[in-house]
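Quick note: the coordinates plus some simple rules give every number you see, no bench work behind them. All values reported here derive from a predicted model rather than from experimental measurement. Methodologically, a virtual Cβ is constructed for each residue, glycine included, from the backbone with ideal geometry; neighbour enumeration extends over all protein chains shown.
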Amino acid sequence: MKLRIKGSSIRYRLTQSDVETAKEGYLEDQVNFAGAPLIYALQITEGQELTCSYIDNKITLNVPRTAIESFADTDVVGYDNQDGAVYLLIEKDFTCLDEVDEDQSDNYPNPLAKK
């Protein structure tokens with residue numbers, strides 16, 4: 001799972017195995033800044049919209065179960081919502097079209113590669 005924060009927006013990019021793990025209800029990762037962790041998590045809910053919370057250095061994106069379950073079986077690229085002042089987005093992590101030095105074997109096939 002990748003995290004991108006820009007201004008008042010938070011975006012999670014999910015690989016295929018991230019989606020499979022998230023279907024079980026919860027997915028978490030973290031980055032350490034000078035010994036203090038910033039945890040970012042995805043929690044499955046029965047709600048209808050993306051929401052988020054930030055408690056004890058942990059960003060939790062609450063994602064409707066239907067959204068995660070549809071990722072593997074449809075061409076849907078992502079889901080978004082505005083939660084207060086924060087714009088939220090979860091999306092599939094596609095393989096890059098140009099050369100990069102990271103393992104992309106678990107990424108979703110890029111639909112633009114077919115063109």
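Sort the chain into rounded, prolate or oblate with this rule: let a ≥ b ≥ c be the square roots of the eigenvalues of the Cα gyration tensor; rounded if a/c is under 1.5, and if a/c is not under 1.5, prolate when a/b is larger than b/c, oblate otherwise. Walk me through the intermediate numbers first.
Values: a/c = 1.68, a/b = 1.25, b/c = 1.34.
Oblate.
For ARG65, ARG13, ARG4, what ranking results if the residue with the fewest other Cβ atoms within 10 Å of its Cβ goes first? Write down the numbers at each step before the final one.
Details: ARG65 14, ARG13 18, ARG4 11.
Ascending number of Cβ neighbours within 10 Å: ARG4, ARG65, ARG13.
Once label points are set 7 Å from the Cα along Cα→Cβ at both TYR87 and SER17, what is their separation, rounded to one decimal in nm?
Here the modelled spin labels are 3.2 nm apart.
Measuring from label point to label point, each 7 Å out along Cα→Cβ, what is the SER105 to ASN57 span in nm?
3.3 nm
If I model a spin label as a point 7 Å beyond the Cα along the Cα-Cβ vector, how far apart are those points for GLU49 and ALA72 in nm?
2.9 nm
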